[in-house]
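Encoded as structure tokens, the structure appears first; notes follow it.
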Amino acid sequence: MTNYKNNLINNIPILAAILRKQSRKRTSLAFFFILFSFLSGYTNTSYPDTTENVLIINSDISIKNYSLAHTGFKTVIPNPKGEINLGNKWKEKSETEKIIRESGPAIIYCIGIKAYLFAQEVTNDATVIFSSIINWRRLTIKENTYGISSELLPSMQLTMYRYLFPKTNKIGVLYSKEYNEEWMQQAREDAKDIGISLVGIPINKKTNITSALKKLLKNVDAIWLTSDPVVLSKTDAVSNIFQQCNAANIPVFTYSEAFIDAGATLVISADIPTTGKQAARLTLDLLSRQEKIEKINTPAGSHISINLKKVAENKLMLNAEALDSVNQIIQ
Amino acid sequence: MGMYRKIKCILSHTRNHTIPYFYKSVFYKRCTYAILFPTFLCIFLFTNTLAPCAEYKYTIYFYNPETNINNFASLKKEFDLYLSRFGGYQFQPFSEREIFEKLISEKKDGIFIISSWHYKQLRENISIEPILVAVSKNKSTCRRIFSTSRIINDISMLSGMNVASASSEDYTKNVLIQMFGENKGAVASSIKILSVPKEIDALMSVGFGMADAAVTTDSSLAKLSAINRKLHDTLKQLLISNETLLPIVAVPKPQDENHKKLAKIIKDMEAAVEGKNKLSMLGFDGWKILNASEKEYLEKQ
């Protein structure tokens, strides 16, 4: 029998009985809740009336971007054959493998790298479509692999820069020849088309980024921080870039919201729900055996975050009309 | 003993460091009456005076299937901030049509910003009255344009195309049926709509090869022309829709004083820089009172 610390409650038998009853109820509810969470966390597989022979494998649905891609996909294909959330238990894979083999999906949609690697390991014949993977070029792309990249085209980003900041004409980029020479060449040409001059300084692993950036800052209206692996090789290098730009009062335009707190003025990234929808469209095209299907598609939607405080600090001229295109305003 | 003497007595006790137990308990008791009670009374009176200001009076309910607005958090934050200067008004955007329609039929404590197309569908069943229409570049109307980078000789060639649009799928299909003509309904229904967040995304996705065509407003095409002429020139404007009214402000019938006050706040937004910036987030420059022909358009089937 439970005795409550508050003696007064024990002195009133009816009250004590009610509380004990409630406590039992809460315990059993909590038990079922934990059991449900455990089961749904590991293999959240449902087999409703299937409309498409498609299986979704999510690396971890508790991660916001993975969840958004998942939801985006389901707005187009609401009843896939199954849905698996690997969560943090993906290494215990035998049961999940069994589920995949039994369901025999024609197409597996993989959200995130964990899901992609898992699918590649457990299945050979199913077509795999991926999204939410940074830098897909590092993957081995098989004949039956398709995907939506996470990186927007440079021309899309430059067009947005021009739209939001029409007076920002000279943009500087640090890039590594090893990874991004072609990219830089293309971006320069795209920039020219919209009246932006892209000033690039090539760097390598031995280059002193601080002095390269110092040189660049003297000559540009903004810095475009791209996902170049050499430029972003160390955390210190990133904070140093922001510190230098801040000291020179030059805005940083970049590709990931992770840089907002570091002091980025503008972030343009792929809109995640749209990549999920694109993956679903690609799935339907593959299922209907359409010809001329691009293996890797570029994101069609953008997500824009702007820090208005930094805009004011950097004395940038913002096109107020373009505010209807901004998803997140930071004041 | 008067209040002044009581406090003096308490303080004199506190100055004396050797307070016997009896006096201590008296001290705490007196503190409760002389200091804490008036403090609580003040807090109570203060919060009650402020309560009417903190309470939300009326709400602006917003739903627009013509735009795929997904910056709800920013919209709500910015509009609430702007509206707070006029009292306890708030802004509530919606992404789900069904939820919004249920609400609009029940709620009388606010006014509605809705698309003119949506109003036409609702007006039979819901008692609301349109009063203002949005204005962009001095125009209260727009046209939708079907742009593609492909060479199309016949509408049937559009069958099965991937079309990017920043409007809802329902709305885009409706525009396509109207553009293609009633007898080409099969072509319109075979079109696959890719919903993107912004009209500029829809146009860029055609220009850069992620979609076969886009349905956007004429003003978005004009914007693209100003930003990226080369990209704009790769797009062929294949079909143009009829002119439609921009979104409207509607109030529940009968109107009360709060509806009128809130409508005036919305109407006056363009006069203040901050208000104008908030309107830009919705894609408008301002509002104007509906004229007779615009009212007639809204009442037409």
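The values are calculated or read from the model by the stated rules, or taken from the named source; none is laboratory data. Just so you know, these numbers come straight off a predicted model, no measurement behind them. Positions of Cβ are generated from backbone atoms using ideal geometry, with glycine treated the same way; all protein chains shown enter the neighbour counts.
Structure above, values below:
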item: Tally of residues being in contact with an Asp or Glu (Cβ under 9 Å, 6 or more places away or on another chain) and within 14 Å of chain B (Cβ to nearest Cβ) across the range A:127-145; result: 0
item: Residue within the range B:220-233 that is among the β-branched types (Val, Ile, Thr), in contact with a Phe, Trp or Tyr (Cβ under 7 Å, 6 or more places away or on another chain) and either assigned to a strand (DSSP E or B) or more than 11 Å from every other protein chain (Cβ to nearest Cβ) (or both) present; result: no
item: Subset tally (residues that are assigned to a helix (DSSP H, G or I) and surrounded by 15 or more Cβ atoms within 10 Å (Cβ to Cβ)) for the range A:136-169; result: 12
item: Extreme residue, nearest to the other protein chains (Cβ to nearest Cβ), among residues of the range A:283-294 that are assigned to a helix (DSSP H, G or I) and in contact (Cβ under 8 Å) with a residue 60 or more places away in the chain; result: A:LEU284
item: Residues located in the range A:286-318, provided they are under 17 Å from B:VAL163 (Cα atoms), of a type in the set (Lys, Arg) and under 24 Å from the mean Cα position of the chain (by Cα); result: none
item: Filter result for the condition that a residue is in contact with a Ser or Thr (Cβ under 6 Å, 6 or more places away or on another chain), in a strand (DSSP E or B) and in contact (Cβ under 8 Å) with a residue 12 or more places away in the chain, over B:LEU238, B:LEU194; result: B:LEU238
item: Whichever residue in the range B:197-219 is closer than 26 Å to A:ILE148 by Cα and part of a strand (DSSP E or B) and, among such residues, is nearest to the other protein chains (Cβ to nearest Cβ); result: B:ALA214
item: Of the criteria (1) surrounded by 15 or more Cβ atoms within 10 Å (Cβ to Cβ); (2) touching a residue at least 24 places away in the same chain (Cβ under 8 Å); (3) of a type outside the set (Ser, Thr, Tyr); (4) more than 20 Å from B:SER220 (Cα to Cα), which one B:ALA188 fails; result: (2)
item: Odd one out for A:LEU323 among (1) more than 19 Å from the chain's Cα centre (by Cα); (2) more than 17 Å from A:MET160 (Cβ to Cβ); result: (2)
item: Filter result for the condition that a residue is surrounded by 21 or more Cβ atoms within 10 Å (Cβ to Cβ), more than 10 Å from chain B (Cβ to nearest Cβ) and under 25 Å from B:ASN162 (Cα atoms), over A:ALA280, A:ALA270, A:ALA264; result: A:ALA270
item: Selection status of B:LYS267, within 20 Å of the chain's Cα centre (by Cα), more than 30 Å from B:VAL206 (Cα to Cα), among the charged types (D, E, K, R) and surrounded by 12 or more Cβ atoms within 10 Å (Cβ to Cβ); result: yes
item: Filter result (assigned to a helix (DSSP H, G or I) and either surrounded by fewer than 16 Cβ atoms within 10 Å (Cβ to Cβ) or within 14 Å of chain A (Cβ to nearest Cβ) (or both)) within the range B:163-176; result: B:GLU169, B:ASP170, B:THR172
item: In the range A:295-331, the residues that are surrounded by fewer than 16 Cβ atoms within 10 Å (Cβ to Cβ) and facing another protein chain (nearest Cβ under 8 Å); result: A:ALA320
item: Filtered residue count, the range B:174-201, keeping only those that are over 16 Å from A:THR75 (Cα atoms), modelled with pLDDT of 90 or more and of a type in the set (Lys, Arg); result: 1
item: Matching residues in the range A:243-261 - criterion: being assigned to a loop (DSSP other than H, G, I, E, B) and buried (at least 19 other Cβ atoms within 10 Å of the Cβ); result: A:ILE250, A:PRO251, A:TYR255
item: Meets criteria (surrounded by 13 or more Cβ atoms within 10 Å (Cβ to Cβ), within 14 Å of chain B (Cβ to nearest Cβ) and assigned to a loop (DSSP other than H, G, I, E, B)) for A:THR207; result: no
item: Close pairs (6 angstrom Cβ cut-off, 6 or more residues apart or separate chains): under 18 Å from A:MET184 (Cα atoms) in the range A:139-168, aromatic (Phe, Trp, Tyr) and in a loop (DSSP other than H, G, I, E, B) anywhere; result: A:LEU153/B:PHE208
item: Selection count where residues are surrounded by fewer than 22 Cβ atoms within 10 Å (Cβ to Cβ) and among the β-branched types (Val, Ile, Thr), scope the range A:283-294; result: 1
item: Hits in the range A:217-242 - residues which are more than 18 Å from the chain's Cα centre (by Cα), crowded, with 16+ Cβ neighbours inside 10 Å and closer than 21 Å to A:MET317 by Cα; result: A:LEU217, A:VAL220, A:ASP221, A:ALA222, A:ILE223, A:TRP224, A:PHE242
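Condition check ((1) closer than 19 Å to A:LEU232 by Cβ; (2) at pLDDT 95 or above) across all residues:
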site	(1), (2)
A:TYR146	no, yes
A:SER150	yes, no
A:TYR161	no, yes
A:LEU164	no, yes
A:LEU174	yes, yes
A:LYS177	yes, no
A:ASN180	yes, no
A:ARG188	no, yes
A:SER197	no, yes
